[in-house]
Structures are given as C-alpha cells and as structure tokens.
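S.K.: Before I ask anything, let me first share the structure, which is written out below as structure tokens.
The values are calculated or read from the model by the stated rules, or taken from the named source; none is laboratory data. None of the values given here were measured: they were computed from a predicted structure. Counting neighbours? That spans all protein chains shown, and the Cβs are built from the backbone with ideal geometry, glycine included. Accessible surface is based on the protein model in full, side chains and every heavy atom, while ligands, DNA and RNA are left aside. Shrake-Rupley method; radii C 1.70, N 1.55, O 1.52, S 1.80 Å.
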Amino acid sequence: MVSIDHVAHKILTYLPYVLVLIDLRYEGVTCGRDGSVDNHMEMGKKLLAAGQLADALSHFHAAVDGDPKNYMAYYRRATVFLAMGKSKSALPDLSKLKSNPSDKEEREAHSQLTKSDEIQRLVAQARSSFNDQEYVTAAAQLDTVIETCVWDVASREMRAECFIHMGEMGKAISDLKAASKLKSDNTQAFYKLSTIYYDLGDHEMSLNEVRECLKLDPDHKQCYSHYKQVKKLNKQIHSAEELMQEQRYEEAVSKYEAVMVTEPKVHHFSVLAKERICHGLTQGQKASRAISVCSEVLHWNPENVNVLKDRAEAYVQEEQYEEAIKDYETAAKHSENDRQIKEGLERAQRLLKQSQRRDYYKILGVKRTAQKKEIIKAYRKLAQQWHPDNYQDAEEKKKAEKKFIDIAQAKEVLTDPEKRTKFDHGEDPLDPESQQGHHHQHFHGGFQGFNPFGSGPFNFKFNFN
C-alpha cells in the first residue's frame, strides 16, 4: 500500500500540475454540502475560468467556511492560491490529503501522480524543443499540458513565445492575456502584449497594455520606455486624423510624415502613414504626388480598397480617366456594395466620354481645380486673341467666330457654380443630348459679345449659317 505521506510529498513536488488532476478526481463529490456551498463553488469555478482570481478566492473561502469537510473546496482554493503565486497559502489546504484514505482513494491518488509525472515529462520535452528552436513541436507538447493544467502560467508563457516565433500573433496574444490574469503581478506579459500590438500597427491596444504594466510597476524600465514611444506615436496619429476631419490636408500630410520619422522600422505604421498621406494629397488636389504615394501602398497591398478609390480620384484630377476606371473596377471586385465606388466609376466613365467631345477646361487652357479668377483671366486673354474683328480673311474670320463662341460658352459654364458642378460630373449643361429639356443658350443670327476688357460691348455681326 502506498504511504499517504509519500503521496503528499510527491504532490507538493509537482504542485502546479497535480492540482487540476486532484480537482478532477473530486469532481462530483458532495461531502454533505448545502445549496449555499454549491452556489459558492459554482460561482468560484466560473470566476476562476474567467481569470478573476480574487473574486474566485472569496467564493471558495465561503465554501470552506460553509462546509469544512468539503475536499473540493480546499483543492479549488489551493488552485487559486497557486495561480496567484501564493504557494505557502495553498499548503494548508493540500494537507487535507492526510485524512484517512481508503485503499481505493490511495490507488486513485497513485494514478493521479502517474499522470502528473507524464505532464512533468511533457513540460521537460517542450522546454528542450523550445531550446532547439523546434517551436511547432514545443507548442504541440504544451497543448497537452495546458489542456490538463489550464492555469499553469509558465506553460502558457512558453507557448506564447512559440507562437511569436511561428508568426501566429493572435494565438500568442490569447495565451499572454490568460497569463496576465492568472498571475497577479505579471508585468512581463503586459509588456509583451504591448510590443506585439505595436508591431501589428495597433497603437491603441499597445498603449492600453503598457499602461496596465505601469499600473503594476510605475518604475518598470522596459514598459516606461515603450510607453513614451507609443504615447508619442498615438498622439501624432490622432492629431493627423483631426486635421483630416478639419480638411486641413496639407498639415495632416505633414503630421503623418512625422509619424514615419517617429517610427521608421515598423512596416505597419509606414503603410498606415502612406495610406493616409495618399488620401490627404488626393483630397488636397495634389494629384500627381498622390498617385505616386498611392501606387507605393498598392505595391504592398494591391487590394486596398480605400487607396484604390483615392488613386482613382487622383487620376480623375489628372484627367487620366481610363486609369481611374481601372482602379474603380478593381476596387469594386473587393467591395461590391460600396456606393462611393459605383458613383466614382460612373463619373469617370462620363468624364472619359465627355473628354472625347468638348472640354471647357481645355478650351480655356485651365486645370479642373482652377479658381474663378484664373478662369476669367484665361477667358479675357483668349477672347482678345480670337475676337472676329481681328481677322479679315473670310475663312479665318469664320474659324475665329467658332472659337470665340467656344471660349464664351466655356466661360459661361465654368463661372456658374451650378453648371460647372454638372460639367464636373460628366454632364454638358449646354449640350441638348446631355441635358434633355434643359434650357441652354444658343448663338444665332447676330452676336453682340461682352467686351472682356471693360470698354463696352463688341459690336460685330456675323452669320452662323
């Protein structure tokens, strides 16, 4: 027969691994407990599973007080003490093992110890695999350990390191979050969580986690140094977005350029900054530069819908309508129900069709972004150049008359906000085919043009027939 003192001694040796096994061994044992004790046990289990150790401990205290003979309550309370790093507090509860075991209980205890030996062996193998940089093997071995010893912090932290080396950051985050709850002062888990989020480009979550580290230890050197970096970057990004919202695009672009200086090494932040610079340049009518920056981002991620839309708009500003159509069509494949893409594509298609006909901007030789003052200045210059009175030859006069009318119509459309908006959206407000039933000006019979130089009307007559 196995000595119970020997059993207890081995259990204390394998304390982190045997607790859960003992926990399972007593599952279902009532020990004469009443409904109140059952409730405390159930609540304690739920809180323990959620990592809320202090609250779980309170319920197990109440369960022990309610039923001092309840072995399950002692073992669960010991589990919580151990998870909190209070092994000395766990020992009195574990001493309950010495209470007159039957032969069957001794055999079961021996079986549990055999299992604990197996877990200990797996932990040793996992550490050896980890040291040999065989991270996939180590992670698989630790899976088996953690399935039984759910609250073993060291195993979770080692598996998290395996996941980091394997590039499975989501799984690493899950293990580290559990470790940060299971060990009450786990500053290192919070620090690693913060650095992982930072490397993934999530500055908000990185800042949250490093703050948790500093709550536990305000003087933690790694956390404090990292905190200063994340806080600075976070502030720059927020400031840049506020400038975007205020339509101060040039300043927003400068702020995102500062982000790349603050953090030049993390690829995710470089991509974020350039994506937003692409947007700011497009909105700020800096089309040529926008196309260059947007193209750089799309080289990294050809399916970035927001950047495809921004580059398409920049192409429209540059009157490269076919390129704009390609970008909108590519974006539509990845975001079928995006109304902005649909409207942008239709507009680019109209503008392409329009460019193959009459273009009032080209007639006056101004850009689509030209202000009213620039348009009037261009109109006056061209009106003087193409005034029909300047030409004596009949053919040349006829050509000048047509040109002069085009110039006058271009000025009419581009200096009228409503007509210009229609034209910018691919409609010609002076074209009967484009404007069904829309009233527009016709030149016929004679023409008495406004003198663009302020010295009265031009008095000339000519026949358009």
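S.K.: Taking amide hydrogens as modeled 1.01 Å from N in the peptide plane, which residues meet the under 5 Å criterion relative to Gln320, leaving out close sequence neighbours?
M.R.: Sorted by chain and number, the residues that satisfy this come to none at all.
S.K.: HN-Hα J couplings of segment 238-253 from phi, Karplus 6.51/-1.76/1.60, θ = phi - 60°, integer Hz, Gly and Pro as x?
M.R.: Result, ordered by residue: 4, 4, 4, 5, 5, 5, 4, 4, 7, 6, 9, 5, 5, 5, 5, 4 Hz.
S.K.: A 32 angstrom limit on the alpha carbon distance is what I want to check against. Which of Lys333/Lys377; Lys342/Lys403; Lys372/Lys402; Lys231/Lys333 exceed it?
M.R.: Values: Lys333/Lys377 44 Å; Lys342/Lys403 36 Å; Lys372/Lys402 23 Å; Lys231/Lys333 38 Å.
Distance filter (> 32 Å) returns Lys333/Lys377; Lys342/Lys403; Lys231/Lys333.
S.K.: Can you pull the three principal axis extents for the Cα set of segment 220-326, in Å, largest first?
M.R.: 57, 28, 17
S.K.: Same structure again: Counting Lys +1, Arg +1, Asp -1, Glu -1, what net charge surrounds Ser180 among other residues with beta carbon under 11 Å of its beta carbon?
M.R.: For residues surrounding Ser180, the net value is 0.
S.K.: While we're here: Rounded to the nearest 20 Debye, what is the dipole magnitude of segment 183-277 about its Cα centre when Lys and Arg each give +1 and Asp and Glu each give -1 at the C-beta?
M.R.: Dipole about the Cα centre, nearest 20: 280 debye.
S.K.: So what's segment 136-291 giving for Cα Rg divided by 2.2 N^0.38 Å, two decimals?
M.R.: 1.28
S.K.: Between segment 199-263 and segment 300-346, what is the C-alpha centre distance in whole Å?
M.R.: About 30 Å separates the Cα centre of segment 199-263 from the one of segment 300-346.
S.K.: Could you put His220, His59, His268 in order of accessible surface area, largest first, with the 1.4 Å probe and the full protein assembly present?
M.R.: My answer, sorted largest first, is His268, His59, His220.
S.K.: Sort 371-377, 119-125 by packing, meaning the average of other beta carbons within 10 Å per residue, with the highest value first.
M.R.: Ranking the peptides 371-377, 119-125 by packing returns 119-125, 371-377.
S.K.: So what is the diffusion coefficient of segment 156-204 in µm² per second by Stokes-Einstein at 10 °C and 1.306 mPa s, using a Kirkwood Rh over Cα pairs?
M.R.: Reported coefficient: 150 µm²/s.
S.K.: How much accessible area does Glu275 have with a 1.4 Å probe, in Å² rounded to the nearest 10?
M.R.: It works out to around 40 Å².
S.K.: Taking θ as phi - 60°, what are the ³J(HN,Hα) couplings along segment 151-168 by the Karplus curve (6.51, -1.76, 1.60), each to the nearest whole Hz, with x for Gly and Pro?
M.R.: Karplus-based 3J(HN,Hα) across segment 151-168 equals 9, 7, 5, 4, 5, 5, 5, 5, 5, 4, 4, 4, 4, 4, 5, 7, x, 9 Hz.
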